[in-house]
Amino acid sequence: MTIRRSLETLLCLTLLLAPQSRAEPADGTPPQPGGAAPPFYMAMELDQEGKLTQALPVYETRAKETLAQGDRLRWAGALLRAGREQEARAVFDQLLSEDRTSPHTRGGPGGHTAAVCASTALAAGAPGVAVSYARTAARQDPDDERTSLLLARALVAAGDRSGARTTLKALDGTSTGWSDGLRIELARWQLLAGDPAPARRVLERTLPEVVAQMVQDSVRANMLLARGDWEKAQALLRASERKVPKGLDERRVDVAWRNVQRELRWVGLRRSLALWRLEGPAAAVPEAAKAEASDEAYVHAAAVLLLAACDAADGRRDDAAARLGVLAGHDPRLAEVLGKMSAALRSGEDRVAAARATAEALTAQDRSADLLSAAVADALGGASATRASETARR
């Protein structure tokens with residue numbers, strides 16, 4: 001596999017045209033040794049500590065000082081997590097108005113700026129917002145299959161599987177000459193939109209590149225999860241992880257590998273839930289800890305909730321409640337349900353109802369992951385791995 005072919009595959013994967021990871025400054029500047037942290041890095045630290053309210057003014061200041069697209073996208077994503085949708089849309093709309101006229105946007109053909117706005121909204125767990133910008137991107141550049149795939153992704157995440165199937169059906173007939181990466185993405189969303197037949201043709205092919213193989217295994221695991229076969233899904237996800245360099249677990253990776261790292265975090269979340277069902281909470285912790293580092297709101301939140309469930313299962317209910325408190329500060333949209341969940345943990349009362357409410361709030365961030373949200377609810381509610389597995393089989 002040549003480096004060039006590998007990079008071509010990377011560029012087609014997962015969060016198309018995604019913003020940079022929350023773990024790295026827009027300009028790549030690391031924290032200053034022994035000195036004051038740059039404002040952007042300060043915002044990142046506050047955000048990760050569950051202090052989004054304090055981080056937002058720093059994100060805003062940075063965005064207004066640099067006018068860089070990456071900084072403004074991060075600010076908009078933080079606004080979405082804070083529940084300030086109209087303000088986030090105003091940031092996106094300003095970027096769109098500058099498209100191809102300002103040195104501060106990436107420019108490029110057609111719907112590129114609209115696409116990165118949609119991707120930012122998806123990463124922030126706001127699929128309804130993502131749909132509107134993905135539609136704009138697809139309309140501005142109807143010949144770019146990536147924008148149509150992004151629209152399909154947004155529609156599935158928002159719960160509009162019918163609309164996604166319509167978009168995907170139009171794409172399927174044109175996919176013969178696509179790269180492996182794009183064809184795998186098409187198969188992913190066909191599966192999640194409820195149209196598995198055409199997806200199987202792609203997923204059964206033997207692919208030459210390890211990156212494509214890794215993502216193909218990751219997508220194939222969704223078919224196993226859909227029929228409740230957690231054991232085989234876990235084995236396939238483990239095989240998927242082993243096909244990429246271990247360095248992708250690092251906090252910072254080269255931008256070319258960013259989307260593969262996101263896929264790896266997504267693999268870790270599903271594998272941690274499978275291990276929890278199969279072997280119990282302790283087995284789930286290492287993979288959930290990897291997934292917690294994701295810059296996608298749904299993956300990060302689900303991983304934190306599973307880690308909190310593992311704390312509670314080990315008798316550390318105060319630790320679990322504290323973990324939920326940090327998540328509530330990082331994503332205030334979940335604050336109300338997490339407050340109830342924390343109260344149930346601390347009081348020792350039945351927490352099944354609170355767990356279900358928490359999972360429902362999580363589901364709003366990505367309806368393509370409903371099965372995983374239900375598994376998180378099982379874990380938070382205190383269901384044993386055996387009972388959860390029996391429920392899945394039924």
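The values are calculated or read from the model by the stated rules, or taken from the named source; none is laboratory data. These numbers come from a predicted model, not from an experiment. Cβ coordinates were reconstructed from backbone atoms using ideal geometry, including for glycine residues, and neighbour counts include every protein chain displayed.
Can we say ARG165 is touching a residue at least 12 places away in the same chain (Cβ under 8 Å), part of a helix (DSSP H, G or I) and farther than 18 Å from ASP370 by Cα? So that I can check it myself, show each step before the final result.
On the way: touching a residue at least 12 places away in the same chain (Cβ under 8 Å): yes; part of a helix (DSSP H, G or I): yes; farther than 18 Å from ASP370 by Cα: no.
For ARG165, the condition - touching a residue at least 12 places away in the same chain (Cβ under 8 Å), part of a helix (DSSP H, G or I) and farther than 18 Å from ASP370 by Cα - is not met.
Scanning the stretch 128-148 for residues that are within 21 Å of LYS169 (Cα to Cα) and in contact with a Leu (Cβ under 9 Å, 6 or more places away or on another chain) turns up ALA130, VAL131, TYR133, ALA134, ARG135, THR136, ALA137, ALA138, GLU145, ARG146, THR147, SER148.
Here the stretch 201-230 is the region considered, the condition is being modelled with pLDDT of 90 or more and of a type in the set (Lys, Arg), and the residue that is nearest to GLY181 (Cα to Cα) is ARG220.
Just to check your reading of the model, which residue among ALA282, ALA309, ALA313 is more than 27 Å from ALA76 (Cα to Cα) and either of a type in the set (Val, Ile, Thr) or buried (at least 24 other Cβ atoms within 10 Å of the Cβ) (or both)?
Numbers: ALA282 fails: either of a type in the set (Val, Ile, Thr) or buried (at least 24 other Cβ atoms within 10 Å of the Cβ) (or both); ALA313 fails: either of a type in the set (Val, Ile, Thr) or buried (at least 24 other Cβ atoms within 10 Å of the Cβ) (or both).
Just one listed residue meets the conditions, ALA309.
From the list GLY173, GLY111, GLY181, GLY177, the one residue that fits, being more than 24 Å from LEU67 (Cα to Cα), at pLDDT below 95, crowded, with 21+ Cβ neighbours inside 10 Å and more than 17 Å from the chain's Cα centre (by Cα), is GLY181. When THR147, THR136, THR113, THR120 are screened for being polar (S, T, N, Q) and closer than 19 Å to ALA82 by Cβ, only THR120 passes.
Only residues that are outside any helix (DSSP H, G or I), acidic (Asp, Glu) and farther than 21 Å from THR53 by Cα were counted in the stretch 292-333, giving 1.
Yes or no, residue by residue, for (1) surrounded by fewer than 18 Cβ atoms within 10 Å (Cβ to Cβ); (2) touching a Cys at 6+ places or on another chain (Cβ under 8 Å); (3) at pLDDT below 95:
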position	(1), (2), (3)
GLY325	yes, no, no
SER342	no, no, no
ASP378	no, no, yes
ARG387	yes, no, yes
ALA392	yes, no, yes
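Among the residues of the stretch 168-189, those identified as outside any loop (DSSP other than H, G, I, E, B), under 25 Å from SER132 (Cβ atoms) and in contact (Cβ under 8 Å) with a residue 24 or more places away in the chain are LEU168, LYS169, LEU171, ASP172, LEU182, GLU185, LEU186, ARG188, TRP189. Taking the stretch 1-99 as the region of interest, the helices (runs of 4 or more DSSP H) fully inside it that hold 2 or more residues being of a type in the set (Lys, Arg) and at pLDDT 50 or above are 52-66, 69-81. Among the conditions (1) in a helix (DSSP H, G or I); (2) more than 21 Å from the chain's Cα centre (by Cα), the only one that ALA134 does not satisfy is (2).
Of all residue pairs spaced 6 or more apart or on separate chains, those with beta-carbon atoms under 9 Å, a first member in the stretch 199-211 that is over 17 Å from LYS243 (Cβ atoms) and not assigned by TED's automatic domain parsing to the domain that holds LEU168 and a second member that is assigned to a helix (DSSP H, G or I) and aromatic (Phe, Trp, Tyr) are ALA199/TRP189.
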